[in-house]
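To keep things clear, I will list the structure first and then write my remarks on it.
The values are calculated or read from the model by the stated rules, or taken from the named source; none is laboratory data. On a predicted model such as this, the values are computed, not experimentally measured, just so you know. Ideal geometry is used to build each Cβ from the backbone, glycine not excepted, and the neighbour counts take in all protein chains shown.
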Amino acid sequence: MRHNFGAGPCILPQEVFKQASRAILDFKDGLSILEISHRSPEFEGVMAEANKLVKELLNVPSGYSVLFLQGGASLQFAMVPMNLLPEGKTAAYLETGVWANKAIKEVKFFGKAEVVASSKEANFSFIPKDFAIPADAAYFHYTSNNTIYGTELFEVPKTTVPVVCDMSSDIMSRVIDVSQFDLIYAGAQKNIGPAGLTIVIVKDEILGQSGRAIPSMLDYASYKDNDSMYNTPPVFSIYTAMLNLNWLKSKGGVAEIEKENKAKADALYKEIDRNPLFKGTCAVEDRSRMNICFVMENPELEKPFAKFADDNGFEGLKGHRSVGGFRASMYNALPITSVHALIDLMQEFEEKQNK
Ligand code: PLP
């Protein structure tokens, strides 16, 4: 049995992969999902259902649109200021990691970014709490889960300006109140579906205010006005996302998976804190449930533990190069049995050291 703690892309349940692979060979009357027209009623049905599932699972209020785009979350780093930031105006950003930093870099093409707080000096090991968001900022942007560093923001910072959030690595993992946001974006590939699809949830009334001419493919309105079919959409990613969202719904939805994700994270952090060989790398109150980063008290034991994990069927535990050590990514599809297996492995390793 392999246990996949990798950070992605695209960690989905086996049964979803099986369903998706069947549709490649025969989606309808022997035709592949890849070859039927995206303008056919069948694919339009897939698109409509995927859209409905996002709305249903996240309880998206009326007045918001769910859009399916391409270009990854990284294209959103530029599309957000292009669509929401009037020329010469300032947007406020919270710098909590590499992804936030990359988002900040794109703002200069359209206006100014004011970094309201940063934990860069501490290698992004915590989420800054004390900061003021200027009341005249065009919007406030933050990253809810810092995939590389293993920190997560569970509370939406209080502000009167529109809130924009990069939820790439924790969307669909816990209940959120969409009405607290004006725009949410996420590369789909962690908890939604295969890479190649990007989800945007936008409050309709904030669009069309930038005063800037925007090329069609970079304008949220093109997706909104054409049911995300302004051009050929990423059909396979959307189909697989639909299957996966149906799987999530069948499990009881986001509230149920949140309970499971919490139980998984609590169990692993408990072992990290108990086991004298390991230590967590982040401030306890900011610990992510999706990406759990830890190192060894004795760095010399890192290689032997990595080998022990590898020999026992554990995949993807290597930490990101900017943090080192280990990172257990525990997206929705990772079963709790894999977390228990990892805890057993850590305890076995501890016993081996004590012999
Ligand atoms: N934002 C976050 C939080 C991420 O984790 C990632 C990728 O892992 C990105 C943005 C970049 O996403 P993409 O590769 O879809 O551009």
Going through the stretch 176-187 one residue at a time, which ones are in a loop (DSSP other than H, G, I, E, B) and either out of contact with any strand residue (DSSP E or B) (no Cβ under 6 Å at 6 or more places or on another chain) or within 10 Å of the ligand (Cβ to nearest atom) (or both)? I176, D177
Among the residues of the stretch 133-151, what is the count of those that are touching a strand residue (DSSP E or B) at 6+ places or on another chain (Cβ under 6 Å) and either outside the structural domain of K203 (by TED's automatic domain parsing) or within 16 Å of the ligand (Cβ to nearest atom) (or both)? 7
Per the filter on the stretch 225-279, residues within 18 Å of the chain's Cα centre (by Cα), closer than 23 Å to T198 by Cα and exposed (fewer than 14 other Cβ atoms within 10 Å of the Cβ) are A255
Tally the residues that are touching a residue at least 12 places away in the same chain (Cβ under 8 Å) and either in contact with a Ser or Thr (Cβ under 9 Å, 6 or more places away or on another chain) or part of a strand (DSSP E or B) (or both), restricting the search to the stretch 193-227. 18
Say whether the condition of being under 30 Å from K158 (Cα atoms) and either at pLDDT 95 or above or assigned to a loop (DSSP other than H, G, I, E, B) (or both) is met by at least one residue in the stretch 34-46. no
Pairs under 7 Å by beta carbon, first residue under 24 Å from L84 (Cα atoms) in the stretch 141-164, partner away from the ligand (no atom under 16 Å from the Cβ) and at pLDDT below 95, six or more apart or different chains? none
Candidate set: the stretch 302-349, residues that are in a strand (DSSP E or B) and free of Cβ contacts under 8 Å to residues at least 60 places away in the same chain; chosen: the one nearest to G280 (Cα to Cα): F326
Would a scan of the stretch 80-101 turn up a residue that is in a helix (DSSP H, G or I), within 13 Å of the ligand (Cβ to nearest atom) and free of Cβ contacts under 8 Å to residues at least 40 places away in the same chain? yes
Residue satisfying all of: in the stretch 3-24; away from the ligand (no atom under 12 Å from the Cβ) and touching an Asp or Glu at 6+ places or on another chain (Cβ under 7 Å); farthest from R327 (Cα to Cα) among these: H3
Search the stretch 152-175 for residues being outside any loop (DSSP other than H, G, I, E, B) and within 11 Å of the ligand (Cβ to nearest atom), and hand back the single one that is farthest from T90 (Cα to Cα). E152
Single residue of Y230, Y149, Y185 found to be of a type in the set (F, W, Y) and in contact with a Gly (Cβ under 8 Å, 6 or more places away or on another chain): Y149
Scan F27, F68, F43 and give me the residue that is within 16 Å of the ligand (Cβ to nearest atom), surrounded by 19 or more Cβ atoms within 10 Å (Cβ to Cβ) and farther than 30 Å from S322 by Cα. F68
